[in-house]
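What follows is calculated from the coordinates using simple rules that are stated; it is not laboratory data. Note that the coordinates shown come from a computational prediction; the quantities given were computed from them, not determined experimentally. Heads up, the Cβs are rebuilt from the backbone with ideal geometry, glycines too, and the neighbour counts pull from every protein chain shown.
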Amino acid sequence: MAKKKDIEKQIDRLRDEIRQHDYLYYVLNQSEINDRQYDKLFAELKELEEANPQLVTLDSPTQRVSDQPLEGFDNVRHTVPMLSMDNTYNADELRAFDERVAKQLDTRNYDYVVELKIDGLAISLRYEEGILVTAATRGNGEVGDDVTSNVRTIKAVPLALLGGSKIPAVLEVRGEVYMPTSSFVELNRLRAEAGEPAFANPRNAAAGSLKLLDARVTAARNLSFFAYATGKFSEPLALDHYRSLQRFKEFSLPVNPYIVQARNIDKAVDICDSWNEKRTSLDYQIDGMVIKVNRFNQRDMLGATGRAPRWCISYKFAAEQAETTVESIDVQVGKSGILTPVANLTPVPLAGTTVKRASLHNFDELKRLGVGVGDTVVIEKAGEIIPQVVEVKAKAAISVPEFQVPKICPVCSSAAAKDEDGVYIRCLNPNCSGQLKERLKYFAGRGQMDIENLGTALIEQLVEVGLVENFADLYKLQKSELIGLERMAEKSADNVIEAIEKSKTQPLWRFIAALGIRHIGGQSAQILAEHFGSLEALMSAEQEELAAIDQIGPIMAKSIHEYFKDEKNLEVITQMLTAGVSPQQPQAQRLGKLAGKTFVVTGTLENFSRQQAQQAIRRAGAKSSGSVSKKTDFVLAGKNPGSKLDKARKLGVEVINEEQFVKMIED
Ligand code: IVH
C-alpha cells in the first residue's frame, strides 16, 4: 500500500495538473490534452479523495458542487462598495467625459483602458491566502447575496489562485458572470422541450442560474466569468489597471482578451465604434464598451459621486432593431398543448438574418404590447438571437378587430383554457392532432429516438391520413401503407421502415426523453435511466423515490409519476414493447456487485459526505433512495440517524454501519 505521504503528494500533483488544464482551457482557450485524458486525471483524483476523505479540501477541483441545496441566500456586506457606472450613448458624450477628466486632473497626461461591457451580472470574489472564500452578487452595491456555492461551479472561476507567495493575503476580484450565447440558445431549447418558459436573454439566464438554491442545477448551466477590477486587497497588484489585469492572468483569473490601452479619447472612440460592428462575432453578449482611466493615482484624484466613479464611463450600443409590418398572427400548438401566438412579418433584415416571424411568447404579452394585424412594429433580437416584437410603432391604417385570446384550439377546435398557475393557454384535448404531430416530431427528433427519414412532412401526413395516432402506431407501420403516401417511393419507404426498426434499441434515456413527459428533457432522462437502469423500474417508482434523486425536483417527480399512472400512456408503452421496442441500458453501468439493491443513507458518516456515499452506491450498481420502504434492502446509518432508522427497524430492513458498507462495496 502506498504511504500516506505519497498519497498526499499524488493528490496535490493531480490537483495542480487539473488546475493548470482548467486555466489553459477556461481562461486561455487552449488545451494540451483531450477530454478523455482530462476525465482520466479527474477520475484518478476523485478516486484517491474518496479513499482518503480526510484529504479533501475546499479548493480541490472535485469540490465544485456542494451536495445540499441552500435554504436561502445569506447577505454579504461589500468591504468596498460596488458602484454603478455612468452611461453615454454617442461619441460626443464620450468626449465630454474626457474633458471633465482633463479638467479635474489638470493635465492631458493620462491614458485609458478600453474594455467590452459584458452583459451579465457583477460579482465579487474574495480570495484569502489564494483560496476562494466568498462570492457575492452586487445587490444594492453595499450588501449582496452570498452565492459562493453556485459560483464555485463555474469552471472559469479559480477555486485557488496560482502564483504562490506572490498572491496578496486578501484579494477581492470583481468581474462579470455571463452565459455564452451558444449555451443560452441550448438552454432555451431544452426548456422549451421540457415545457418551461424561455429566458428572455443571456443576462437573465445568467442571473437566474446564479440565484438558484441548488448549485447542482447551476453547475449544468455553463456559466462563465471575466475579471475586470479589484475590490479590497492587502497589497496593491500594480500602479495601473492594465498591469493589474496582467497580474490577474498570472493568478489564473480569466481576463477578457480584447482589453486594450488607448492613448487618448480619439483612440478610445475608434475602438468602441469598431466593436459595435464586430460584436455579433462573439459567443457572449456585450451591451457596450467601458472606458477607464488607467493609473490608480489619477483615479484617486478623480474620486466618485455617491453612485458612480468619475474615472470610468460606459458607451452603450443601441440594440439592433428593425421596423416591419405584421401580416398575420398565427396560433401554434405545442406538444403539451400550449398555444403560442406568432406574428408573420413582412420579411426584414436584422443582425445578419432575414426575419419573417417573431414569437409573441403568450397572450398576456400580446395584449400588453397591443399588437394587431397590419400594425407597424419594432422588432429586436433578444440577445441578438431570437426575434421578438418590442413595441407597436403605428397602428394599422384601417382598424382591425383586436386579436382575441383563443377559446378553442386552432387545430382540433376543442376547448382551450389558461393554466391555473401560469400564463399559458392550453388545448385541453389529449387527442388533438396538432399536439400529436408535435409529440411525434419530438419523439422522432435528433435528441430523442433519432429516427432518420421520419421528418416533419411525413409525420404530418401520417397523422392526417390516420395511420398514426400514437407512438406505438409508428412501430406497426407497413411498407405497403407508406407507399401510398405523397413522395414516397419504394426505396424511401424501405428507409423509413428501417430507421424506425433501428430506433427500437435506442438507449433507455433516449426512450424516456422521447415520451415527452412534461419537465423531463434529455438531461433528466439520463439521470433517470442511470438511476433506475430499466424502464420497468422507472415506471413503478414512487413519487417520493423520484424526488429523492439528485437533480430531480419535486415538480419533475410529480410529472413523471402522473405520466406513468395514466392508463392511456401505459397502453401505448405496452404496445411499443410488444412491437419489439426494447430500450437498452448500457451494460457496464449495471454490472456492479450490488446490482438491483436499494440503499438508503441516513445520519452523518465519518468517511463520506452524503453525496459521496450515494455515488459509491451507484457505482456498485445499486440504487440510492431517499426514503425507507419495504423495497429498501439496506439502510446505511451514520451518527444521529433519526426517523429513517426507526422506520427501517419497523419494516425489518437490514441496517448496516459504515464499516460494513465499505466492506460491501469493496468485496
Ligand atoms: S468596471 C464602478 N468593467 O457594468 C464600476 N464593469 O453598468 C466598475 N460591466 O455593474 C465596473 N463589463 O456589472 C466594469 N469591463 C467591465 C464591465 C463592467 C460589464 C458591468 C458591471 C457593472 C455594470 C455597470
Inset, instruction - Could you state, as a whole-number percent, how many of the C-alpha pairs of region 406-522 are farther apart than 17 Å? - result: 59 percent
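Which of the three applies to region 177-295, rounded, prolate or oblate, going by the alpha-carbon gyration tensor with a ≥ b ≥ c and a/c under 1.5 meaning rounded?
Working: a/c = 3.16, a/b = 1.58, b/c = 2.00.
Taking the square roots of the gyration eigenvalues as a ≥ b ≥ c, region 177-295 is oblate.
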Legend entry - G288 long-range amide H proximity, modeled H, under 5 Å: K117, F317
Inset, instruction - Measure out, as a whole number of angstrom, how far apart the alpha-carbon centroids of region 609-640 and region 373-426 sit. - result: 50 Å
Inset, instruction - Determine the gain in length on full extension of the stretch N344-Q37; use 0.36 nm per residue of separation and subtract their C-alpha separation, reporting nm with one decimal. - result: 105.6 nm
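Just subtract the alpha-carbon distance of Q660 and Q20 from 0.36 nm times their residue separation and send over the number in nm, one decimal.
226.6 nm
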Legend entry - Simple label model, 7 Å out from Cα along Cβ direction - D74 to K558, nm: 3.2 nm
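Residues with beta-carbon under 13 Å from that of D330, excluding D330: net charge, scoring Lys, Arg +1 and Asp, Glu -1? Don't skip to the end; give the middle numbers.
Details: positive: K356, R357; negative: E327.
Summing Lys/Arg as +1 and Asp/Glu as -1 gives +1.
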Inset, instruction - Could you please rank H361, H561, placing first whichever residue has the fewest other Cβ atoms within 10 Å of its Cβ? - result: H561, H361
Legend entry - Contact order normalised by residue count of the chain, Cα under 8 Å, 6+ apart, percent: 10 percent
Legend entry - Formal net charge of residues neighbouring Y127 (Cβ-Cβ distance under 11 Å; K, R +1; D, E -1): -2
Legend entry - Candidate lysines for bridging to K3, where Cα separation is under 24 Å - those fewer than 8 sequence places away on the same chain excluded: K40, K46, K663
Legend entry - Estimated distance in nm for a label pair at S480 and K630, the labels positioned 7 Å out from Cα along Cα-to-Cβ: 5.0 nm
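Over region 285-371, what is the mean sequence separation of C-alpha contacts under 8 Å (at least six apart), divided by residue count, expressed as relative contact order in percent? Present the calculation step by step, with values, prior to reporting the outcome.
Values: 118 pairs, mean separation 16.8, N = 87.
Relative contact order comes out at 19 percent.
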Legend entry - E93-Q332 FRET efficiency (beta carbon distance; Förster radius 41 Å; 0.05 resolution): 0.40
Inset, instruction - Take the alpha-carbon centre of region 641-658, take the same for region 543-588, and report the distance between them in whole Å. - result: 28 Å
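Listing L538, L83 from the residue with the fewest other Cβ atoms within 10 Å to the one with the most, what is the order?
Values: L538 20, L83 17.
Arranged by neighbour count, lowest to highest, L538, L83 become L83, L538.
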Inset, instruction - Please list, in chain and number order, the residues 5+ apart from K418 or on another chain whose amide H is under 5 Å from its amide H, with Hs placed from the backbone. - result: R426
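For a Förster distance of 30 Å, can you work out the FRET efficiency between the beta-carbons of A415 and E567, rounded to the nearest 0.05?
Numbers: r = 22 Å, r/R0 = 0.73.
So, using R0 = 30 Å, E works out to roughly 0.85.
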Inset, instruction - May I ask you to derive the relative contact order of region 97-180, considering only C-alpha pairs under 8 Å and at least 6 residues apart, and to give it as an integer percent? - result: 35 percent
Legend entry - Of K407/K565; K211/K249; K278/K316; K558/K593; K367/K418; K5/K155, pairs whose Cα-Cα distance is over 23 Å: K407/K565; K211/K249; K558/K593; K5/K155
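Applying a 10 Å radius around every beta-carbon, put 103-110, 450-457 in order of their mean neighbour count, most first.
Numbers: 103-110: 12.0, 450-457: 15.8.
Ranked by mean Cβ neighbours within 10 Å, highest first: 450-457, 103-110.
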Legend entry - aspartates and glutamates with Cα under 12 Å of K395, excluding same-chain neighbours fewer than 8 positions away: D375
Inset, instruction - Report the local net charge at V269: Lys and Arg +1, Asp and Glu -1, summed over other residues whose C-beta lies under 11 Å from its C-beta. - result: -4
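Let's see if you can work this out: charge +1 on each Lys and Arg Cβ, -1 on each Asp and Glu Cβ, no other charges. What is the dipole magnitude of the chain about its Cα centre, in debye to the nearest 20?
The calculation lands at about 780 debye.
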Inset, instruction - Could you give the spread of the C-alpha atoms of region 244-332 along their three principal axes, from largest to smallest, in whole angstroms? - result: 60, 33, 27
Inset, instruction - Provide the convex hull volume over Cα atoms per residue for the chain, in Å³. - result: 198 Å³
Legend entry - Whole-Å distance, taken between Cα centres, linking region 94-132 and region 444-512: 59 Å
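Say R0 is 22 Å: what FRET efficiency, to the nearest 0.05, do V185 and A351 get from their beta-carbon distance? List each step's numbers first, then the result.
Details: r = 14 Å, r/R0 = 0.64.
Efficiency computed from Cβ-Cβ geometry: 0.95.
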Legend entry - Virtual spin-label span in nm between E498 and A102, 7 Å along Cα→Cβ: 7.5 nm
Inset, instruction - Would you calculate a helix-derived [θ] at 222 nm for the chain, using -39,500 (n - 2.57) for each DSSP H run of n ≥ 4 and dividing by the full residue count, to the nearest 500? - result: -10500 deg cm²/dmol
Inset, instruction - Would you be so kind as to identify which of L116, L538, F248 lies farthest towards the positive end of the dipole of the chain, taking Lys and Arg as +1 and Asp and Glu as -1 on Cβ and the Cα centre as origin? - result: F248
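Work out the length of the dipole vector of region 1-116 about its Cα centre, built from +1 on the beta-carbon of each Lys and Arg and -1 on the beta-carbon of each Asp and Glu, and round it to the nearest 20 debye.
400 debye
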Inset, instruction - In whole Hz, with x marking every Gly and Pro, tabulate ³J(HN,Hα) for region 640-653 from phi via Karplus 6.51 cos²θ - 1.76 cosθ + 1.60, θ = phi - 60°. - result: 6, x, x, 5, 5, 5, 4, 5, 4, 4, 4, 8, x, 7
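Multiply the residue gap between E391 and S582 by 0.36 nm, knock off their C-alpha separation, and tell me the result in nm, one decimal place.
63.7 nm
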Inset, instruction - Place +1 on the Cβ of every Lys and Arg and -1 on the Cβ of every Asp and Glu in the chain, take the dipole about the Cα centre, and give the residue among S480, G288, Y38 whose Cα lies farthest towards its positive end. - result: Y38
